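The values are calculated or read from the model by the stated rules, or taken from the named source; none is laboratory data. Remember, it's a predicted structure, so these values are computed and weren't measured experimentally. Reconstructed Cβ throughout: ideal geometry from the backbone, glycine too, with neighbour counts over all protein chains shown. With ligands, DNA and RNA removed, areas are computed over all heavy atoms of the protein, side chains included. Shrake-Rupley method; radii C 1.70, N 1.55, O 1.52, S 1.80 Å.
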Amino acid sequence: MDSNSKSIFYARVFVIAALGVSAWAMVYKTGVDNTDEAGIVLHLPERVGEWTGVDLLFCPERSCGGQFVSMQLEDPTTCPRCGARLGNMNWAERSMLPADTGMARKYYVRPGQRDPLHATIVLSGDDRSSIHRPQVCMTAAGHEIQNERIIRIPMPTREEPLEVMVMDMTRSVTREDGSPAVYTSYYAYWFVGKDRETASHLARMAYMAYDRIVHGVSHRWAYIALSGGRDPRHEGHLQVIADFASRLHPALLKPE
Ligand SMILES: [Zn+2]
């Protein structure tokens, strides 16, 4: 074989090998137990350091699209505009995610900080497809990813740092007067499974496959995301993320 057909041959072998592994995983999947074990609690604390959490509620009706601060509503179960039952997912999330997906979300504010921080935990349900590669959702929602890197945050509670993926994003928006503007934001996340933690979507997929094939179990994975506005002139948001995540992380651990 000349070198060109050789490389095509190897490329095919690689594809076939990859298909073989996934076919094997599918065969084994019939013998896989879904466990309800998750690596964290599905609850966000009222306070994180000097941050105070606020609950937001969403109307599930797309035509209504109502968003409310829970404590400002007389009846936090019902949409004051259309009467639908309020929940903590907006209509897009509700239509995309399997019904048994768990979600907790809060907006956090702190004194002297203009931008609130939005924290979300998504816990996969019985079908494990609730958690997608976040980059895909972000670009689908009209964000452009300018930069992404993993930052390592020192933890007061343990030796290893917490690794968090941080994406710097921009989005074209229109001001009230009709002029164009650019909204700059960040989106930071990490994944937690039973006894596992990673900022990498690929590593999470590998852990899931490994647990499925070697241990015959499929745990519920959670995905913790922090987002907010950022100043495009500097990287001050990394400090905000580090400060918040290092305080939030211990609060999410399951009691032994
Ligand atoms: Zn409504």
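Three principal axis extents of region 165-205 based on alpha-carbon atoms, in descending order, are 51, 14, 13 Å. When you count the other C-beta atoms within 10 angstrom of each residue and take the mean per peptide, 142-151, 57-66 line up highest first as 57-66, 142-151. In this view, the solvent-accessible surface of Tyr107, computed with a 1.4 Å probe and all protein chains in place, comes to about 60 Å².
How big is the convex hull of the Cα atoms of region 31-252, per residue, in Å³?
Details: hull volume 32.8 nm³, N = 222.
So the per-residue Cα hull volume is 148 Å³.
The string of couplings for region 153-170 from the Karplus curve (6.51, -1.76, 1.60, θ = phi - 60°) is 9, x, 10, x, 9, 7, 6, 6, x, 8, 9, 10, 7, 10, 10, 9, 10, 10 Hz, one whole number per residue in order, with x for Gly and Pro.
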